[in-house]
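The values are calculated or read from the model by the stated rules, or taken from the named source; none is laboratory data. Being a predicted model, the structure only gives us computed values, none of them experimental. No Cβ is skipped: glycine too gets one built from the backbone with ideal geometry, and neighbour counts run over all protein chains shown.
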């Protein structure tokens with residue numbers, strides 16, 4: 001993840017870099033750090049994946065095979081771009097997110113027509129329980145059916161919060177951009193949707209791995225998460 005120094009995520013709200021610092025150089029750090037993890041792909045929520053979903057709803061007349069099983073389309077050796085979309089709201093029209101193969105995580109109640117559309121687009125999909133929120137099941141299927149061992153969880157904050165609560169985050173890699181948002185209520189790194197008395201990270205501790213100051217004043221923080229009972 002990359003955030004402002006106050007933990008906010010909407011990049012076009014951040015203050016501009018100091019004089020003489022190139023904004024493009026700062027954002028390049030994101031991909032450079034991501035490459036260090038040699039991941040099999042990346043995962044985002046529905047709103048973040050919307051940028052790559054350029055299709056429109058349509059009727060597909062020739063459904064393919066058993067649509068109610070995990071569907072593995074033509075990956076062609078590519079990394080995966082995983083979208084958590086429980087209600088099947090995204091319409092892709094393609095199988096291409098930054099050149100990576102799209103995999104949709106769905107609830108079991110999405111329609112057969114929608115599944116047929118995904119198949120025609122070349123998009124793979126799997127089911128995460130009836131409502132699409134069984135995250136441990138989704139991660140197990142990504143490993144068993146798609147061979148994914150390491151994946152970059154890239155937000156938004158609500159999805160990050162759900163994974164944190166489920167204890168499914170092994171490491172946190174955070175780039176601190178030298179800028180500020182400052183407004184209350186703006187999306188942040190973790191936004192678990194729970195009751196006020198819940199503490200989604202209560203059973204976990206952070207163990208520092210590395211800190212590095214990058215060109216332009218960007219700071220990289222790297223931690224491993226440990227279960228407190230360990």
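Of the residues in the range 1-23, how many are free of Cβ contacts under 8 Å to residues at least 12 places away in the same chain, surrounded by 14 or more Cβ atoms within 10 Å (Cβ to Cβ) and part of a loop (DSSP other than H, G, I, E, B)?
Number of matching residues: 0.
Look at residue 55 and say whether it is under 19 Å from residue 79 (Cα atoms), in contact with a helix residue (DSSP H, G or I) (Cβ under 8 Å, 6 or more places away or on another chain) and not assigned by TED's automatic domain parsing to the domain that holds residue 160.
no
For the subset of the range 93-107 comprising residues that are in a loop (DSSP other than H, G, I, E, B) and without any contact (Cβ under 8 Å) to a residue 40 or more places away in the chain, which member is nearest to residue 131 (Cα to Cα)?
107
Every residue, every condition in (1) out of contact with any helix residue (DSSP H, G or I) (no Cβ under 8 Å at 6 or more places or on another chain); (2) in a loop (DSSP other than H, G, I, E, B); (3) within 21 Å of residue 53 (Cβ to Cβ); (4) at pLDDT 95 or above, yes or no:
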site	(1), (2), (3), (4)
120	yes, no, yes, no
136	yes, no, no, yes
139	yes, no, no, yes
143	yes, no, no, yes
149	no, yes, no, yes
164	yes, no, no, yes
172	yes, no, no, yes
180	yes, yes, no, yes
183	no, yes, no, yes
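What residue, among those in the range 203-230 that are touching a helix residue (DSSP H, G or I) at 6+ places or on another chain (Cβ under 7 Å) and in a loop (DSSP other than H, G, I, E, B), is nearest to residue 2 (Cα to Cα)?
My answer is 218.
Only one of these is over 21 Å from residue 192 (Cα atoms) and in a loop (DSSP other than H, G, I, E, B): 90, 126. Name it.
Of the residues listed, the single one that is over 21 Å from residue 192 (Cα atoms) and in a loop (DSSP other than H, G, I, E, B) is 90.
Could you grab me the full set of residues in the range 125-138 that are buried (at least 20 other Cβ atoms within 10 Å of the Cβ) and under 16 Å from the mean Cα position of the chain (by Cα)?
Of everything in the range 125-138, those that are buried (at least 20 other Cβ atoms within 10 Å of the Cβ) and under 16 Å from the mean Cα position of the chain (by Cα) turn out to be 125, 126, 128, 132, 138.
Quick one: in the range 100-113, of everything that is more than 12 Å from residue 86 (Cα to Cα) and either modelled with pLDDT under 95 or not assigned by TED's automatic domain parsing to the domain that holds residue 67 (or both), which residue is surrounded by the most Cβ atoms within 10 Å (Cβ to Cβ)?
113
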